[in-house]
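Below you'll find the structure, written out as structure tokens, and then a few comments.
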């Protein structure tokens, strides 16, 4: 094993301290997220299915955090040989519980990235082929890692060749899934926003789309950067990887809750569909006072802000791109937040 400036017990202890802090943040954000989703559900503007991924992520985070607590308790209090030899054991019941929480959170978070891509591209199956294949590779790597750790000797190193290969495969495919899916989403939203701005001069919703894209990039960067640092430290066989390894699970829950809460916040700042309709109607009547019926006969492309702002205020639907390819991604933004 490569020499390290921090011992494995020290790294795991520091990781547990940081994870408990992140778990507290994840708990508060999860509760706020549930309140936000419940209010929107009562108004009929969001599907209850959005509670499922949030609850799953928090559930896996809880399993992982309490599993790490039980492992530290065994290592520093109960195990006769002390924490050093105990943490070298890869196959223990507590370790298996921790792995369930870790793999469950990673796979759920990556699956959400693929789902967002699917929604933004108007449920196009072709668009999600690459991120879906990457997610499947992540699933296979997770299964391979758990299997490898239960087949190798109990008293071995986490840096053994078999375990190392599966761990690096898991982290690499997870980073690739999140990065590729987020990149596709941002490109789609940016293209739609540009099309809307070229079509009309008045477009309040473009600001919402830009801010939503920024939120996605920031959340994905936070989650992916943690996995990337974890991957680099593990490849260098540094015990410091044990510190970062405890971050990814609570961060998966935190980033999803942050996306939901921040999108809800900027939605509340946006104009309502009725105010936008009133603006367009007043503006049109000033321009054409003797032609009150001409507004109803305008081409659909002449009023995209009203169309997509209405959908931004009503989460839970995913309109097709067929009527207007430039507007479809904007309609889908709110349904995947």
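Read the figures in this text as sums done on the coordinates, not as results from a lab. None of the values given here were measured: they were computed from a predicted structure. As a convention, Cβ positions derive from the backbone with ideal geometry for all residues, glycine included, and neighbour counts pool all protein chains shown.
Once the piece of chain linking residue 88 and residue 160 is laid out straight, how much longer is it, given 0.36 nm per residue of separation minus the C-alpha distance between them? Spell out each step's value before the answer.
Numbers: separation 72, 0.36 × 72 = 25.92 nm, distance 1.10 nm.
Computed gain between residue 88 and residue 160 is 24.8 nm.
Starting with the fewest neighbours, write out 166, 187 ranked by other beta-carbon atoms found within 10 Å of each beta-carbon. Let's see the in-between values first.
Details: 166 19, 187 13.
Going from least to most buried by this count: 187, 166.
Run the simple label-point estimate for residue 77 and residue 20 please: 7 Å along Cα→C-beta, distance reported in nm.
The modelled label-to-label distance comes out at 1.1 nm.
Residue 125 to residue 168: FRET efficiency via 1/(1 + (r/R0)^6), r the Cβ-Cβ distance, R0 25 Å, to the nearest 0.05?
Given R0 = 25 Å and the Cβ-Cβ separation, E is 0.25.
Note down the nm distance, to one decimal, between modelled labels 7 Å out along Cα→Cβ at residue 237 and at residue 214.
Here the modelled spin labels are 4.5 nm apart.
Distance in nm between label sites at residue 6 and residue 190, each 7 Å beyond Cα in the beta-carbon direction?
My value for the distance between the label points is 3.5 nm.
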